[in-house]
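Derivation of every value follows stated rules applied to the coordinates shown; laboratory data play no part. Predicted model, so just to flag it, every value in this text is computed and none were measured. Using ideal geometry, Cβ is built from the backbone for each residue, glycine included, and neighbour counts are taken over all protein chains shown.
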Amino acid sequence: MEAVLYPVNDFGPVMKGLAIGGLGIFHVFTAHFAIGGGMLLCYFQWLAMTGRSKSARVFLDGYFRYLVLISFVTGALTGVAMWFTSIQVSPVTIGLMVDEFHWLWAVEWTFFCLEVVAGYAAFKYGPQLTDRARLALLALYSFAAWMSLFWINGILSFQLTPGAWLESHSLWDAFLNPTFLPSLFYRTIAALVVAALVAMVLINLAPGFSRNDREHLVHRAAWLMSPMILMPILGIWFVAAMPPDSREWIMGGSIAMTLMLNIAVGASALVGGYALIGLIRQKLFINGATATVLCVLAFAATGGGEFVREGVRKPYTMRELLYSNAVRPEQVAALRQHGLTEIDPYPLRGEDRLPKIDGQPHVHLRTGAIVFRQQCSVCHTTAGVNALPGLTKGWDAEMERQNFAKLQHLKPFMPPFAGTPTELESLVQFVEWWKQGRPDTWPDTAAAPQEYAERLARIRHWLDEAGTRPALVRTVPTDAKGGR
Amino acid sequence: MDAPFPFGLPLPTGFYLTMYLVTLVIHVVFMNYVLAGTAALAAAYLRRGNRGAGESTFILKEWMPFMLSGAITAGVAPLLFLQILYKREYYTANLLLFNRWMAILPVLIVGFYALYLLKSRWLTRRAGWLAAALAVVPILCVAFTGYSWTENHLLSVRSPAFWGEFYATRAQVYYDPQLLPRLLVWAVGSVPSLVLVLAWQHWYRGTGHPGSLARAAGIGLALTCGAAAWYYVATDDATRGAFVSPLAAPYFASACLGLLLQAVGWGWVARSQSLDGRKLLVPSVGLALTVGGMTVCREAVRIAALGPERFEALFPGHAEAFGKGGLFVFLSFFAVNAALIVLVFWLVRHHSVANTVQKRDPHGT
């Protein structure tokens, strides 16, 4: 079969998802701040130039604009870092995304250029410009920053809800997918909230403000958080637009997803409650320490939300197009016949550390290690986070055979096993070898040919029983109906 | 591929290659400014610490963070087209170099913020050695990034069999005999670019020493020719042949013509001792010809290294990507945002408070 195989790197005890997730959360939080920060600067500039707030001008010329500058550069660099990390984690996924959306990414790039030029001009020349010109620059910066969110949001939300694109293959069906709008509005509000909270920290830290000035600025900034009242509706809209099986994960189907959702919802509720009731309705003051705590909560909400957004796509990285392990759904049937280990051009690293049979590396452990590398290592480790030997602790080899063969039914967020019975048996041997502390010797799995053939036949039977489709599908193609 | 670029290539391949090269040239202008500019800053600080600085050093210090941002931002577009054109090659090289490759990101962040520290008032109150040490950080960061890109590029054009062997070794550093001369051509080639942009900045501000700038450009051009000669000697016949292949020969000729024009133009500037806009146009046209021509030659070298079979195997992927929508949306937003960028410059130029006061009260009463 035709397949482009890439070299796979070992992230050690760190799950690859954690590497990209951690960077993603930092990037999203920073980028949200850069977007919301631009809007806040526009608002404060308007307050200053219309005579509504003298202290707004002092604040504008203070540290906040530096922070916005730092964040939009860090946001841009971590954006490139996301790209590079995506290549490290799943080159096939990012390759497919680039093929489909390259012109929209190119559109986003034109807004990056505008953002950088307008942002620098406002930062460097703003204090020397007329009020109207400065407002125009800040508005251009904010517009460009928000538009970059607009475009990337469509691309990212497509990964979960490709919607009508699955039939039409139209770019606009892909971009304007079912979760595009709730996600866009939600992120816009999140950007405003992050910017307002950071501003509140700085209002308290900046020298030269009286208590009255600080109160005045805090209450002005707090108004930017008022759209948080819409967050529950947008959240429900997003959840309603999700595929039903993904919804199941967050509603208790996957405890990690449910927990992360609760962190996101709980942290948002705390921030929102404080903002809407305390800051806006009761006009309370907020000191630097409390504002910092709310920033941390907002970060936790971002972290939880991004974890859920990434996690609910399982077992896909691009829904119904590509499984997390870079196997396409339509490839599974062929892979069950031919496997991929034979055509993988990359040798197994550390092969010499495997037990030997007749002086050669143990052939089944070697195959099992390659199967693990190709199909499991994107989400699992051998001895770290989400380690396969740990997850299968207490299972005997026969349970592993059956469970791996029927993986998508055992855990519906797992993709179907995409290999031959021999490859599955090799993976079982590899996991067992790890579970037993990687001994120096390991029996030849195929030493008793009759028993080995029977074992492979059982695996084949279980694989056939499980079928090649995922457990929960949007639509079952006609040819697959009744096939299980 | 018996015709000059992009003729003779299938439409999708020729189109994406053109987009890649055009956006790469934009990136190269920023990159050259940053590469040579950070070196110049480091040299100035090593010589004088933080005691007073020339006009050019002041301009470089002021503009360098923006130019680095510009280089990074301008680099996004060619990176995008690169992934369509040479997906497997580029991704594989990234994966093989792994942590070594990913290191360019924190390194660039460090370099960027070092440039800000260099601009800060805080540094003027510190010892000269500290300023000099800090000034070396950006050039080290930028040089490391340039080295890594060259390494990545050279590894990406190796054969799949070589990739397999490289993967087995767990090495994260790739060395190729072409690496250093190739990198040196880039590095010293950045000097004439920097000097030209700097000359235009001086022209705008009404400052600058034409003789010094012309001398710097001349040294840069001579070093570029020297580095190119070393590259010629160090490289193989296939690479040398790529420059004079039908695909690249006219561009190679235009690059050489560009070098000549730059030399003539800078000679004119030096003799007249003035940074007149018309005089600067001559080296500007020369530089455009050289950078544009060499960018196409660089691509011809890559295509030659891949070989016709591997290169042609990429065509169906380009054709498939070409069928996706969005090109006209891109072109529309490209035009709109280019106009908005012009608007930003116009606002800064014409709407300063000083300008407005002068207009309202031209006699300053």
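Computed values, structure above
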| read-out | value |
| --- | --- |
| Residue count for the range A:370-399, restricted to those that are more than 29 Å from the chain's Cα centre (by Cα) and either surrounded by 19 or more Cβ atoms within 10 Å (Cβ to Cβ) or not in a loop (DSSP other than H, G, I, E, B) (or both) | 3 |
| Test: A:Thr110 is facing chain B (nearest Cβ under 7 Å), within 26 Å of A:Tyr43 (Cβ to Cβ), in contact with a Ser or Thr (Cβ under 8 Å, 6 or more places away or on another chain) and of a type in the set (Ser, Thr, Tyr) | no |
| Elements of type helices (runs of 4 or more DSSP H) contained in the range B:249-365, each with 2 or more residues being within 13 Å of chain A (Cβ to nearest Cβ) and either hydroxyl-bearing (Ser, Thr, Tyr) or in contact with a Lys or Arg (Cβ under 9 Å, 6 or more places away or on another chain) (or both) | B:327-350, B:353-360 |
| Residues (over 16 Å from B:Arg51 (Cβ atoms) and either outside any helix (DSSP H, G or I) or touching a Leu at 6+ places or on another chain (Cβ under 9 Å) (or both)) located in the range B:117-143 | B:Leu117, B:Ser120, B:Val136, B:Val137, B:Pro138, B:Ile139, B:Cys141, B:Val142, B:Ala143 |
| Within the range B:89-101, tally of residues that are in contact (Cβ under 8 Å) with a residue 24 or more places away in the chain, within 7 Å of chain A (Cβ to nearest Cβ) and more than 21 Å from the chain's Cα centre (by Cα) | 3 |
| Residues of the range B:154-189 classified as under 20 Å from B:Leu82 (Cα atoms) and small (Gly, Ala, Ser), total | 2 |
| Filter result for A:Ala326 (buried (at least 22 other Cβ atoms within 10 Å of the Cβ), farther than 24 Å from A:Asn262 by Cα and touching a helix residue (DSSP H, G or I) at 6+ places or on another chain (Cβ under 6 Å)) | yes |
| Residues that are surrounded by fewer than 20 Cβ atoms within 10 Å (Cβ to Cβ), over 30 Å from A:Glu330 (Cα atoms) and in contact (Cβ under 8 Å) with a residue 60 or more places away in the chain, drawn from the range A:296-320 | A:Phe299 |
| Total residues in the range B:185-229, condition closer than 14 Å to B:Ser274 by Cα, more than 19 Å from the chain's Cα centre (by Cα) and of a type in the set (A, V, I, L, M, F, W, C) | 3 |
| Some residue of the range B:198-213 being under 26 Å from B:Gly293 (Cα atoms) and touching a Pro at 6+ places or on another chain (Cβ under 7 Å) | no |
| Residue match in the range B:167-176 (condition: assigned to a helix (DSSP H, G or I) and of a type outside the set (Val, Ile, Thr)) | yes |
| Failed item in (1) outside any loop (DSSP other than H, G, I, E, B); (2) more than 10 Å from chain A (Cβ to nearest Cβ); (3) surrounded by 19 or more Cβ atoms within 10 Å (Cβ to Cβ); (4) of a type in the set (Lys, Arg), with B:Arg158 passing the rest | (1) |
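Okay, residues lined up against (1) assigned to a helix (DSSP H, G or I); (2) surrounded by fewer than 21 Cβ atoms within 10 Å (Cβ to Cβ):
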| site | (1), (2) |
| --- | --- |
| A:Met147 | yes, yes |
| A:Pro162 | no, no |
| A:Leu181 | yes, yes |
| A:Ile189 | yes, no |
| A:Val193 | yes, no |
| A:Leu197 | yes, no |
| A:Met200 | yes, no |
| A:Pro207 | no, yes |
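Each row is one residue, and each column tells you yes or no for (1) more than 7 Å from chain B (Cβ to nearest Cβ); (2) buried (at least 22 other Cβ atoms within 10 Å of the Cβ).
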residue	(1), (2)
A:Leu41	yes, yes
A:Leu67	yes, no
A:Phe84	no, no
A:Phe123	yes, no
A:Arg134	yes, yes
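Residues checked against (1) in contact with a Cys (Cβ under 7 Å, 6 or more places away or on another chain); (2) touching a residue at least 24 places away in the same chain (Cβ under 8 Å); (3) closer than 25 Å to B:Val188 by Cβ:
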{"residue": "B:Ala3", "(1), (2), (3)": "no, yes, no"}
{"residue": "B:Met31", "(1), (2), (3)": "no, yes, yes"}
{"residue": "B:Ala36", "(1), (2), (3)": "no, yes, yes"}
{"residue": "B:Ala44", "(1), (2), (3)": "no, yes, yes"}
{"residue": "B:Pro65", "(1), (2), (3)": "no, yes, yes"}
{"residue": "B:Pro78", "(1), (2), (3)": "no, yes, yes"}
{"residue": "B:Ala103", "(1), (2), (3)": "no, yes, yes"}
{"residue": "B:Phe112", "(1), (2), (3)": "no, yes, yes"}
{"residue": "B:Leu117", "(1), (2), (3)": "no, no, no"}
